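No lab work stands behind these numbers, since they all come straight from the coordinates. Small disclaimer: the values here were computed from a predicted structure and weren't measured. Cβ: placed from backbone, ideal geometry, glycine included. Neighbour counts: every protein chain shown.
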């Protein structure tokens, strides 16, 4: 997977990010090297920190086209959630969080939306859709 540009532990590429009107990052979907393996990664904001959730058993493979979806729910107390779907399968799930503090998601970024510690990478994106409800296969 060295062609992905992810080489070292903690390197990451996010293909989708959601931000609030004032620029606060709310949720990310992409790849991260964790435990020596590149995994699907869902990262979301909670209070002043970011929490990572990783896929296990269905790791990404370079050179394959994927349908990647990021679903984020703004809600108070412990009713907020985030999900990452790959080819219609929920590979990462986070629930039980107060996601209300930073406001609604008003901006979505696609492609190489955010990166950390990587070398040259190429991402192709097509058919980007923003909807208030799930748009993939069966839930």
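At a glance:
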{"quantity": "Label-point separation, residue 123 to residue 73 (7 Å along Cα→Cβ), nm", "calculated": "2.5"}
{"quantity": "The range 2-116, relative contact order in percent, only Cα pairs under 8 angstrom and at least six apart counted", "calculated": "30"}
{"quantity": "Estimated distance in nm for a label pair at residue 107 and residue 64, the labels positioned 7 Å out from Cα along Cα-to-Cβ", "calculated": "3.3"}
{"quantity": "Tail weight of P(r) past 21 Å, computed on alpha-carbon pairs of the range 2-116, percent", "calculated": "32"}
{"quantity": "Net lengthening on full extension, residue 114/residue 131 (0.36 nm per residue, minus Cα-Cα)", "calculated": "4.0 nm"}
{"quantity": "Highest-fluctuation residue, 127, 29, 105 considered, GNM on the chain with Cα pairs under 10 Å", "calculated": "127"}
